[in-house]
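A short worksheet on the structure shown next.
The values are calculated or read from the model by the stated rules, or taken from the named source; none is laboratory data. Every value quoted in this text rests on a predicted model; they were computed, and no experiment measured them. Cβ atoms come from the backbone with ideal geometry, glycine included; neighbour counts cover every protein chain shown. Just the protein is used for accessible areas: all its heavy atoms, side chains included, with ligands, DNA and RNA removed. Shrake-Rupley method; radii C 1.70, N 1.55, O 1.52, S 1.80 Å.
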Amino acid sequence: MTPVARALWFIESRVECGATLAEIAHFAGVSRYHLCRAFGEATGRSVMRYVRARRLTLAARQLADGAPDILTVALDAGYGSHEAFTRAFREQFALTPEAVRTRRNIEALTLVEPIRMGEPAFIELAPPRFESHGALLVAGLGERYRFETNHGIPAQWQRFIPHIGHMPGQVGMITYGVCCNSDGSGNFDYVAGVEVTSFDDVPEDFGRVRIPARRYAVFTHHHVATMRGAMRTIWTRWLPASGHEVADAPDFERYDERFDPATGTGAIEIWLPLAR
C-alpha cells in the first residue's frame, strides 16, 4: 500500500472525528512535506482541504436530515463557532447551513465523496541520476497555487516567455520551474524563471527563490503533456520504494536547449531534493 493509499484509509477511518496533518503523515510513514506533495500529485487535491471537505460533506447530510442544532453539527465537524462553520460551509457549497437544513435536501451541493484509489496512471521513467548542485538564484514570474488550481501554470509560462533573455543579471538561457514554500493546507509557490547573479536589479513585481546547495535525484522526462503522470510516478511510486527521503526544499523542472517550447517535447529534467 502506498503512502497516499494509507493516508486515505486513515482519513476515512477517522472522518467523523478528524485528523491532523501530523497524524496522517505519521500513519502514512512519511514526512508532512512528502505527504502533501504525494497526495496532491496522486489525487489532484490538497490533503487537508480534502479532510475538511469530507467532514463538511458529512455535516451537509446531517443538516439535510434535519439536525436540530447547527452549533452541534459545527462542533462535530471541528469548528469552534457557528460563524466559523458557516464561513467554511458557504465557501465549500455556496450555501449556508441554514439554507441546507431548510431545504432538507443536498441535490444542489457538490459533495466530496471518498477517493477510491485504483491503479494510478503511472508512466515509464528511466532511473534517475544523482547529482549535487550548488546554490542557485532564480527570478521570474511567481504565482501561488494549490493542487486544485495549478492548471494555470502553462499560462504562467506563456506570460514569462517574453522576459527570457531580458532579466537583469540573467545567467545563460536555461529556464526553471520551481515549486517552493509549500504549507500544510496544500498551497505552494511556482516560479517560472531563469538563473540570475543576484536579486538586486530584479523588478519588484517578479518572483524570487533562493535554492540552497543540495543533492538531488534527477529524472529525465520528454513531454509537458504527461508531466502530471511523471510527477505522480516519482512521488507515489519511485520515492516510497527508493529508500530515500525527500527534503523540505524547493524542487524544480529544468529546461535546457534540448527542450522545444513550441511543441512541448524534448528533455525536461525534474530535480527532486534529497534529505542529507
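Observations, loosely collected:
- Residue count, segment 72-91 (criterion: open to solvent by 70 Å² or more (accessible area, probe 1.4 Å) and either assigned to a helix (DSSP H, G or I) or farther than 16 Å from GLY18 by Cβ (or both)): 6
- Looking across segment 192-214, the residues that are in a strand (DSSP E or B) and among the β-branched types (Val, Ile, Thr) come down to VAL194, VAL196, VAL209, ILE211.
- Of all positions in segment 165-176, at least one carries a residue that is surrounded by 17 or more Cβ atoms within 10 Å (Cβ to Cβ) and free of Cβ contacts under 8 Å to residues at least 40 places away in the same chain.
Here's the yes/no breakdown for (1) among the polar types (S, T, N, Q); (2) farther than 26 Å from THR20 by Cα:
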site	(1), (2)
ARG52	no, no
LEU56	no, no
ALA59	no, no
GLN62	yes, no
ASP65	no, yes
THR102	yes, yes
ALA108	no, yes
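- In segment 236-249, the residues that are within 23 Å of LEU136 (Cα to Cα) and buried (at least 21 other Cβ atoms within 10 Å of the Cβ): VAL246
- Of residues in segment 124-152 being among the hydrophobic types (A, V, I, L, M, F, W, C) and within 19 Å of the chain's Cα centre (by Cα), the one surrounded by the fewest Cβ atoms within 10 Å (Cβ to Cβ): LEU141
- The condition of being assigned to a helix (DSSP H, G or I) and either in contact with a Gly (Cβ under 9 Å, 6 or more places away or on another chain) or without any contact (Cβ under 8 Å) to a residue 12 or more places away in the chain (or both) does not hold for ALA60.
- Among the residues of segment 216-239, the ones that are outside any helix (DSSP H, G or I) and within 11 Å of PRO128 (Cα to Cα) come to 6 in all.
- Screening segment 250-273 for residues that are more than 15 Å from HIS221 (Cβ to Cβ) and open to solvent by 10 Å² or more (accessible area, probe 1.4 Å) and picking the one that is farthest from the chain's Cα centre (by Cα) gives GLU257.
- Segment 31-44, residues that are closer than 21 Å to ARG116 by Cα and either surrounded by fewer than 24 Cβ atoms within 10 Å (Cβ to Cβ) or of a type in the set (Phe, Trp, Tyr) (or both): HIS34, PHE39, GLU41, THR43, GLY44
- Residues that are more than 19 Å from ALA192 (Cα to Cα) and of a type in the set (Val, Ile, Thr) within segment 109-160 comprise THR110, VAL112, ILE115, ILE123, listed in sequence order.
- Selection from segment 226-245 of residues that are charged (D, E, K, R) and over 15 Å from ARG45 (Cα atoms): ARG237, GLU245
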